[in-house]
1. For GLU181 and ASP209, calculate 0.36 nm times their separation in residues minus their Cα-Cα distance, and state this gained length in nm to one decimal.
2. Could you tell me which Cys residues in the chain have no other cysteine's Cβ under 4.7 Å from their own Cβ, answering none if every one has a partner?
3. Please list 3J(HN,Hα) in residue order for region 94-101, calculated via the Karplus relation 6.51 cos²θ - 1.76 cosθ + 1.60 where θ = phi - 60°; whole Hz, with x for glycine and proline.
4. Mind listing the phi-derived Karplus ³J(HN,Hα) values for region 444-453, rounded to whole Hz, using 6.51, -1.76 and 1.60 with θ = phi - 60°, and x for any glycine or proline?
5. Output ³J(HN,Hα) for region 403-413: one whole-Hz value per residue in order, computed from phi by the Karplus curve 6.51 cos²θ - 1.76 cosθ + 1.60 with θ = phi - 60°, and x for Gly and Pro.
6. Considering amide H positions built from the backbone, and no H for Pro or chain starts, which residues 5 or more places from ALA434, or on another chain, come under 5 Å of its amide H?
7. Helix-derived [θ] at 222 nm for the chain: sum -39500 (n - 2.57) over DSSP H runs of at least 4, divide by residue count, nearest 500?
8. Relative contact order for the chain: what percent, with Cα pairs under 8 Å and sequence separation of 6 or more?
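What follows draws every value from the coordinates through simple rules; no lab data is involved. Here the structure is a predicted model, which means the values were calculated and not measured. All Cβ positions, glycine included, derive from the backbone under ideal geometry; neighbour counts span all protein chains shown.
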Amino acid sequence: MASLSGLYSSSPSLKPAKNHSFKALPAQSRDSFSFPHTSKPTNLPLTLSSARSVARDISHADSKKELLKDPDALWKRYLDWFYQQKELGLYLDISRVGFTDEFVAEMEPRFQAAFKAMEDLEKGSIANPDEGRMVGHYWLRNSKLAPKPTLKTLIENTLDSICAFSDDIISGKIKPPSSPEGRFTQILSVGIGGSALGPQFVAEALAPDNPPLKIRFIDNTDPAGIDHQIAQLGPELASTLVVVISKSGGTPETRNGLLEVQKAFREAGLNFAKQGVAITQENSLLDNTARIEGWLARFPMYDWVGGRTSIMSAVGLLPAALQGINVREMLTGAALMDEATRTTSNNPAALLAMCWYWASNGVGSKDMVVLPYKDSLLLFSRYLQQLVMESLGKEFDLDGNTVNQGLTVYGNKGSTDQHAYIQQLRDGVHNFFATFIEVLRDRPPGHDWELEPGVTCGDYLFGMLQGTRSALYANGRESISVTIQEVTPTSVGAIIALYERAVGLYASIVNINAYHQPGVEAGKKAAAEVLALQKRVLSVLNEATCKDPVEPLTLEEIADRCHAPEEIEMIYKIIAHMSANDRVLIAEGNCGSPRSIKVYLGECNVDDLYA
Ligand SMILES: O=P(O)(O)OC[C@H]1O[C@](O)(CO)[C@@H](O)[C@@H]1O
């Protein structure tokens, strides 16, 4: 069995970090750094499989012992693979991922193809073939890249109008019609998925303690959740700017949120249109509604920006600007990172994608646990969950083969999670790799103090991060660390751009379309079918209720009359749900024992509204 320490001391050094390139990396010792791997990759060339077999042969205990024995080798690996983007002050450490040099060399052709695909994407190729769409989120932070002058102008004009509108709202130049405050004080954002997660993450990360407008979110069709948000606004509804965000303009949850908010406005005697803003594609249902009803403002979303990468469009920028966040700095951070991840060597996004591939065998066999050690970055893991899982979780590859790809993402924050699930990460089932997000600056300058001699509160947070990283590593659990100097619009823009690019590159190396979401569409279609069935059930019950005498129906009879005997279980669930909500329907018997139920409506509707 090869000794890790021996290999390190006798091997020529890996190429220095600042020069390392997927192109130029020399293939060296096969097992120069190995963690035990238990599952064999299914779709890799033989050479790589062999490299992994060597890794699997090293027992867990041996590998742990050897790694701990040779801190020099580890330090050397750290330095060899250390990446920094100087201007952004962003570092990436992948030394605690156990990829081999053979693996790096093996991945080289895939990455070169991925870089080429990315270049074509940025030039405006149809990178989302299923939907026949260009993929242009990179143009949003560097409009010069847009493939057509009209798009460049559109991006620039939209940004200018976002900033101008926000300034006018914040300064009180644009006022709510009937607020005693005389200016807008609250934002109620209505949207879901990519039309909520980005704005939520940015608000949590960057909003000042006392923003000019405070933001709240309706991001679901949960009536109680909606009521809660509206109740919390109370009389401030009169000074609330309602920003309705939907790329498609037809997402049911968002439509429902809008209808509920409009009802609340009506009940409060307020004119919704004068406080409503729409962010959507031109001529969508939402756009047409906003135009016809004369809403306060409308901002465009573009066909060529996906929901999960829309954070640097009006979707993310308008809510951010309204909270006093410097959106131009966010765009600058993203643009700088885009430059750094456009290169074909020393590319931090490619390094991330390579590590993901290594750690999860290129098939998602391990989960990515994201641990930001900073409260304000709490929502980064949730944001990444959509970005990564909606992009990579695909049934088919680009050639139509069934692949069931994906990479599971979850996480919360450190050191909070230290006192929750990190026990399992350290000692339990080995089905993950970790990503630590480290922020060097603990709090603004001048505010720090030592709560015991030589030690601050932030030192504890730092210690917890480093301790967890070491403890995981000592038990053979891989981790990546991303370090930023502080949480600013620039650094937040940069980490978003880093992960957007990593996802795009990873999708290329596993040959899938990162930019569509057919699975979500399937769920939406099925939900619409349930609601259509509910209407048929009501219509059948209405007919039976209008008989004299009323004819209560069993579940079988309802299913039969709906011509849907195969849907009897769903019909039972529909009735149980409606009955629990005191709806027009009356269910005799016990809902807990389906066979006993007989159902009719509280009143006959002669026109059968449900038909
Ligand atoms: O912005 P829209 O069109 O309302 O869509 C919201 C979300 O729904 C999805 O289309 C699918 O859930 C996401 O991709 C998207 O972010």
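1. 8.1 nm
2. Cysteines of the chain left without a disulfide-compatible partner: CYS163, CYS355, CYS457, CYS562, CYS591.
3. Running phi through 6.51 cos²θ - 1.76 cosθ + 1.60 with θ = phi - 60° gives 10, 5, 9, 10, x, 4, 9, 5 Hz.
4. My calculation for region 444-453 gives x, x, x, 9, 7, 8, 8, 7, 8, x Hz in order.
5. For region 403-413, the Karplus curve yields 10, 6, 7, x, 8, 6, 10, 8, x, 9, 6 Hz.
6. The list, which skips near neighbours in sequence, is VAL369, GLU478, SER479, ILE480.
7. Numbers: 20 runs with 272 residues, N = 611.
Taken over the chain, the calculation gives -14500 deg cm²/dmol.
8. On the way: 1079 pairs, mean separation 88.8, N = 611.
Contact order relative to length: 15 percent.
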